[in-house]
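Visitor: Structure provided below as structure tokens; questions to follow.
The values are calculated or read from the model by the stated rules, or taken from the named source; none is laboratory data. Worth saying up front: this structure is predicted, and the values here are computed from it rather than measured. As a convention, Cβ positions derive from the backbone with ideal geometry for all residues, glycine included, and neighbour counts pool all protein chains shown. Ligands, DNA and RNA are stripped out before the accessible areas are found, and what is left, the full protein with its side chains, is counted by its heavy atoms. Shrake-Rupley method; radii C 1.70, N 1.55, O 1.52, S 1.80 Å.
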Amino acid sequence: MDKPFDVVVVGGGHAGCEAAYAAAKMGSRVLLITMNMNTIAQMSCNPAMGGIAKGQIVREIDALGGMSGIVTDETMIQFKMLNRSKGPAMWSPRAQSDRMRFAESWRLKLEQNENVSFWQDMATRVDVKNDKVVGIETQLGMYFHCKSIVLTNGTFLNGIIHIGEKNFGGGRTAEKAAKGITENLVALGFDSGRMKTGTPPRVDGRSLNYSLMEAQPGDENPSKFSFKDTKRLTEQRDCYLTYTNEEVHDILKTGFEKSPMFQGRIQGLGPRYCPSIEDKITRFAQRERHQIFVEPEGWNTVEVYVNGFSTSLPEDVQMKALRKIKGFESAKMFRPGYAIEYDFFSPQQLKNTLETKLIENLYFAGQINGTTGYEEAACQGLMAGINAHLKVSGIKPFVLQRNEAYIGVLIDDLITKGTNEPYRMFTSRAEYRILLRQDNADLRLTRLGHEIGLADDDRLDRVKRKEEEVKKLVSEFHQESISPEDINPIIISKGGSPISQKQKMYSLLQRPELGLADFGFSKTLADLLFLDDKSDILEQSEIQTKYQGYIEKEEEFAKKLLKLDNIKLKENFDYSLLKSISAEAKEKLTKIKPQTLGQASRINGVTPSDISNIMLFLE
Amino acid sequence: MLNFSRPAAGSKRQNIIFALMEGLRQFAASNDTIIAPATAPGVSAIAVIRLSGKDAINKCNDVFTKNILDVKSHTLHFGNIADGERIIDEVLVSVFKAPHSYTAENTIEISCHGSPYIQQEIIKLFLQKGVRMAEPGEFTLRAFYNGKLDLSQAEAVADLIHSTSESEHQMAISQIRGGFSNEIKKLREEIIRFASLIELELDFSEEDVEFADRSDFINLLNKTQAAIQKLIDSFIAGNVFKNGVPVAIVGKPNVGKSTLLNALLNEERAIVSSIAGTTRDTIEDEINIKGIKFRFVDTAGIRETTDEIESIGIEKTFEKIKQASIVLYLLDPSTPQQELDSIRKSFTDKSDSNKRRLIFIFNKTDLSIPFIAKGNDILFISAKEKTGIEKVKDQLISLVNLGQVKVGDIIVSNSRHYDALTRAQQSLDTVLKGIQNKLPTDLVAIDIRSAMFELGSITGQVSTDDLLDSIFRNFCVGK
């Protein structure tokens, strides 16, 4: 018998790649089983990484030592910092990616890691002894002994693709579905469900008339995702904005009687924030137009992604409707849009390490948990890979709290509340938005990532340097006095009330109307302002100064939260003993088996008085 | 999210919660059957005695002339309660089977004749059979423990049990019925609407939707704040119903303070003489005028033996005034106008003067006529002859400003709720300021969240899912 693998990762999407890379980097022998080696790290939907809340997640993955940020930086064709006009908690990096290069870069990263082995095949059965993982079986009849398994099957489990009245098995366009695993897991006692998502058509860029659309360029001074020294973009590709119109809507409506959604052929729940175009024109019938973002798929390819036009209507209807969009008059389609239904497993069956409660050393990550989005999948893969490695190495698990990272919010939400529709991250899901910023992801997480052996020394050195430099700069803000003559003209020009005597730069910076850029005359900043490589030090110091009061306020709240999260609950606690809590609460507590009182308090249907009752029985 | 630091001992309400909690701990072990009269003590036509516990039906069956072991729940049975051969009373027995009773346990209610003797004999009989006398509030405690009442209902029942005036009773009743919750539900909807508009701007800033402009926000906010203020005001009124309006009687020694007090209380128990400082008996210090309770502050002080004017002292008087919301300033008829003016001035100088109402009362008008002072706040009485006392009562009532709140209206009666509402209101003040100062929306959202958190402690938390639901329902978002 071969020496068993420490970690087998099934699936080579965003979750699988991060899982395999992290576990291998930390020292595990990893086998990545994928149905097609040519589609590793395939962006199945839009060619973009990041966005609001999602960009923060990519920064967190990077800070911990994951690869999504670096791969994105190396392969992006456009960068934008969204929400610049809002406070720093909302600044969200977003990149348009070169789809083919993204996949290539990821594959090469994995290949460069000698702990990663590959096998192209379909995993069909998780082998379990005494409720613990012992091996995995494939369609070709291979059997791999292993200590742990991370399942990242994406939309492939019994996937069915719908286009109009046609439907066929498939995990992604032109790729077959995965069979066997669902039935295997259900036999082991897992509950499965069905979800749905969709994607728009891809068209030929050469057939579009961009002069009729609005160009959407990237940022003038593009930033990037990784905290390491990846390069900034010097050249970017534009996206374009156009709109649907009533003529487009009318044509789409002719396809409704063949729509798999409206005819009930699709049972699974789809994401409300990612509605198909047919959904949009039905639910918001009063709207005369909807935005269409025209996104290039790479530096060189002519393929274009029609963002905003997700649909599963018959392909001829898609085509006809598309051509009525301004700029699309002679559009040629490469691939039609489609809807896909797939199996998922309620994440309430997981622990906070993403290990299943039923089977030891079995981990789930990504869409199999009912989530959607590359970033959501990648961070789960990262956490599952880390924890699979730690578990088989006999090291204590690695869990992030809700006040530490969006990743912590995401996993806690999933395992505590479960999800009915594909779960996507929003900043509003985080209680402590001001703490979980993209600019401080490294300050929050790199030390933790280094401790577990994932983030390298270079990352730690960078964080230490950043901390020191920011501290020094902020203390200089405290010391330097600014005279009214220097600052009043700026204050007045911005409509603020002028100062009458010298004031510390620190307190002036806290005024809403002033920012660091207004202090070009100050001796503290004189040289720094023009140094490109100091920009993140300046930004960090400014944020810490301007928003100090808010940051402290949220830290206070977070402390309160942690109190409940530090109260551990016994896994075998018998909730039926608590007569005074509602039947609903009892049922959910018994099913979810919260690990802490804090988690219990976040379960829907568990009230504060239920929590106080549980507390009574703890002491 | 809930903040579960234990409530500091202190407020009455918190003590009740605590007692409930502590009771639960002990009760968890005990499963016995308890008994207590369910109607007020004293002679009445009918009295009700209640038993609750696993063996309530068995135990009653033992002493009842009819077999009630196999009867249906919610049935009424006529028969005798007997101690062996000796019939104690002819009674009606109501049977409630678990969990369909107030306590969710087997419950028996015996309607017997109202004589205290009969009640006593029946209870004694059950005590001999191994039933235990219930602790005060234990039925409610069991109801709460068994999941029949939520915390705020249990608190309301505790209030009901301790309520002493009609209005207080009404208020407790309406809270049990959940009227309060409906009002808060409306408020919750308002705030979800507001917060989801804010979140829309943050999480969906890239979407092609129309964001509310600042003046819309301010309008919505004003509406929400008005709704909260109404509830806050109702607490102040509610507090009046429950705790009574604190009234201070002040004035120089021997001006007739205890005589007035006695006249108001309409009793002669205090020893009253014309020598200052001879008051020493303790008497009740509450009166109920037209359903509203007034509580006299520091009546012991009024009756304290003091022969030196200095010992009463200005400071002590102010101390007393601080605790009151109405001050009865008793004056001798010989008091000159100047003095009256200076007292009035010293009151209006106080920053909080508008919270306190002042009534000048010239006493001893039977002995001499005062100079002609006029004003809405001036009354003339003779405490000794009990003339003008009704006018004092009328004046007291008219000074209790309950706004639009009437007895029986839905009102906040719980100090925990009041505190939460007040803190929510403060957070919304900060939100308003933030919007006016054009603060970034994510910072404004911090205070909206703390307002939602506070309100959440009353009717359940507003979760992100609630906000997202509202957004997805009302806006076309998503690519």
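Visitor: Using alpha carbons only, how many angstrom separate the centre of the stretch A:92-143 from the centre of the stretch A:215-287?
Guide: Using only Cα atoms to place each centre, the spacing works out to 29 Å.
Visitor: Sticking with this structure for a sec: Find which of A:Tyr240, A:Pro314, A:Thr230 sits farthest along the positive direction of the dipole of the stretch A:187-316, computed with +1 on the beta-carbon of Lys and Arg, -1 on that of Asp and Glu, about the Cα centre.
Guide: In the stretch A:187-316, that residue is A:Thr230.
Visitor: If you don't mind, another one. Between A:Lys320 and A:Asn420, what is 0.36 nm times their sequence separation minus the Cα-Cα distance? Round to one decimal in nm.
Guide: 32.6 nm
Visitor: If each residue of separation counts as 0.36 nm, what is the full-extension length gain between A:Thr301 and A:Ser507 once their alpha-carbon separation is subtracted?
Guide: Gain on stretching A:Thr301 to A:Ser507: 69.0 nm.
Visitor: Which listed residue (B:Ile108, B:Ser73, B:Ile57) has the Cα farthest towards the positive end of the charge dipole for the stretch B:54-113, taking +1 on Lys and Arg C-beta and -1 on Asp and Glu C-beta about the Cα centre?
Guide: The Cα lying farthest towards the positive end belongs to B:Ser73.
Visitor: Next question, about the same structure. Given a cut-off of 15 Å, what percent of all Cα-Cα pairs of the stretch A:549-594 lie beyond it?
Guide: 58
Visitor: Follow-up question, since we're still on this one. How big is the charge dipole of the stretch A:387-514 about its Cα centre, in debye rounded to the nearest 20, if each Lys and Arg gets +1 on its Cβ and each Asp and Glu gets -1 on its Cβ?
Guide: Working: 21 positive and 20 negative charges, 68 e Å.
Its charge dipole is roughly 320 debye.
Visitor: Right, here's the next one. Could you check the simple spin-label distance between B:Asp83 and A:Lys3, using points 7 Å along Cα→Cβ, in nm with one decimal?
Guide: Taking the two extended label points, one gets 8.8 nm.
Visitor: To continue, here is another question. Which net charge results when you count Lys and Arg as +1 and Asp and Glu as -1 among the other residues whose beta-carbon is under 12 Å from that of B:Ser427? Please report the intermediate quantities before stating the final value.
Guide: Working: positive: A:Lys553, B:Arg423, B:Lys433, B:Arg449; negative: B:Asp429, B:Asp447, B:Glu454.
That sum, taken over residues with Cβ under 12 Å, equals +1.
Visitor: I need the calculated FRET efficiency for the pair A:Glu165 and A:Tyr210, taking r as the beta carbon distance and R₀ as 30 Å, to the nearest 0.05.
Guide: 0.30
Visitor: From the square roots a ≥ b ≥ c of the eigenvalues of the alpha-carbon gyration tensor of the stretch A:397-523, which class results: rounded (a/c under 1.5), prolate (a/b over b/c), or oblate?
Guide: Oblate, since a/c reaches 1.5 and b/c is not below a/b.
Visitor: May I pose another question? Would you mind computing, in nm to one decimal, how far apart the modelled labels at A:Ser475 and A:Asn38 are, each placed 7 Å from Cα along Cα→Cβ?
Guide: Distance between label points: 6.0 nm.
Visitor: Provide the descending list of Cα extents for the stretch A:31-124 along its principal axes, expressed in whole angstroms.
Guide: Dimensions of the stretch A:31-124 along the principal axes of its Cα atoms: 48, 26, 25 Å.
Visitor: Mind checking which lysines have their C-alpha under 16 Å from A:Lys332, skipping anything on the same chain fewer than 8 residues away?
Guide: List returned: A:Lys320, A:Lys324.
Visitor: For the stretch A:201-353, state the average projected area of the convex hull of the C-alpha atoms over all orientations, rounded to one decimal in nm². Kindly include the intermediate steps, with their values, before the conclusion.
Guide: Details: hull surface 51.0 nm².
Spelled out: convex hull of the Cα atoms, projected over all directions, averaged, 12.7 nm².
Visitor: Still on this structure: On a straight-distance basis, which aspartates and glutamates could pair with A:Lys464 in a cross-link, Cα separation under 12 angstrom, same-chain partners fewer than 8 positions away excluded?
Guide: Filter leaves A:Asp442.
Visitor: Something else about it: I'd like the accessible area for A:Cys45: 1.4 Å probe, protein heavy atoms, all chains in place, Å² to the nearest 10.
Guide: That residue has around 40 Å² of solvent-accessible surface.
Visitor: Report the semi-axes of the equivalent ellipsoid for the stretch A:306-397 in whole Å, largest first, where each axis is √(5λ) for an eigenvalue λ of the Cα gyration tensor. Write out the running numbers ahead of the final one.
Guide: Values: eigenvalues 361, 36, 14 Å².
Value: 43, 13, 8 Å, ordered largest first.
Visitor: Between A:Leu108 and A:Arg265, what is 0.36 nm times their sequence separation minus the Cα-Cα distance? Round to one decimal in nm.
Guide: 52.5 nm
Visitor: Next question, about the same structure. Can you compute the FRET efficiency between A:Arg194 and A:Asn488 using 1/(1 + (r/R0)^6), with r the Cβ-Cβ distance and R0 = 56 Å? Round to the nearest 0.05.
Guide: Taking R0 as 56 Å, the efficiency between A:Arg194 and A:Asn488 is 0.30.
Visitor: What spacing in nm lies between the two simple spin-label points modelled at A:Lys591 and B:Leu399, each 7 Å away from Cα in the Cβ direction?
Guide: 6.0
Visitor: Something else about it: Pull up the DSSP beta bridges for chain A and report the antiparallel fraction as a percent, rounded to 5.
Guide: Once the DSSP bridges in chain A are tallied, antiparallel ones form about 70 percent.
Visitor: Report ³J(HN,Hα) in whole Hz for each residue of the stretch A:19-24, in order, from the Karplus equation J = 6.51 cos²θ - 1.76 cosθ + 1.60 where θ = phi - 60°; Gly and Pro get x.
Guide: Whole-Hz 3J(HN,Hα) from phi for the stretch A:19-24: 4, 5, 5, 5, 4, 5.
Visitor: Between B:Thr65 and B:Met133, what's the calculated FRET efficiency when r is the beta-carbon distance and R0 is 22 Å? Round to 0.05.
Guide: After rounding to 0.05, the efficiency reads 0.35.
Visitor: Going down the list A:Lys231/A:Lys534; A:Lys224/A:Lys546; A:Lys147/A:Lys391; A:Lys560/B:Lys438; B:Lys293/B:Lys393; A:Lys504/A:Lys546, which pairs span over 18 Å between their C-alpha atoms?
Guide: Working: A:Lys231/A:Lys534 15 Å; A:Lys224/A:Lys546 23 Å; A:Lys147/A:Lys391 9 Å; A:Lys560/B:Lys438 29 Å; B:Lys293/B:Lys393 11 Å; A:Lys504/A:Lys546 13 Å.
Violating the 18 Å Cα-Cα cut-off are A:Lys224/A:Lys546; A:Lys560/B:Lys438.
Visitor: Rounded if a/c is under 1.5, else prolate if a/b is larger than b/c, else oblate: which is chain A, with a ≥ b ≥ c the root eigenvalues of its Cα gyration tensor? If you can, show how the numbers build up before the last one.
Guide: Working: a/c = 1.56, a/b = 1.15, b/c = 1.36.
In terms of gyration-tensor shape, oblate.
Visitor: Which of the lysines could be linked to B:Lys66 by a straight reach, that is with a Cα gap under 23 Å, when you skip same-chain ones fewer than 8 residues away?
Guide: B:Lys54, B:Lys97, B:Lys124, B:Lys129
Visitor: Let me ask something additional. When the Kirkwood radius is taken over all Cα pairs of the stretch A:288-344, what Stokes-Einstein diffusion coefficient follows at 4 °C and 1.567 mPa s, in µm²/s?
Guide: So the translational diffusion coefficient is about 102 µm²/s.
Visitor: Still on this structure, please answer the following. Based on alpha-carbon centroids, what's the gap between the stretch A:525-568 and the stretch A:303-324 in Å, whole number please?
Guide: Answer, in whole Å: 44.
Visitor: Just name one of A:Ala20, A:Ser507, A:Gly298: the one whose Cα is farthest towards the positive end of the charge dipole of chain A (beta-carbon charges, Lys/Arg +1, Asp/Glu -1).
Guide: A:Ala20
Visitor: Moving to a separate point now. Please report the accessible area of A:Tyr210 (heavy atoms, 1.4 Å probe, ligands and nucleic acids excluded) in Å², nearest 10.
Guide: About 70 Å², ignoring ligands and nucleic acids.
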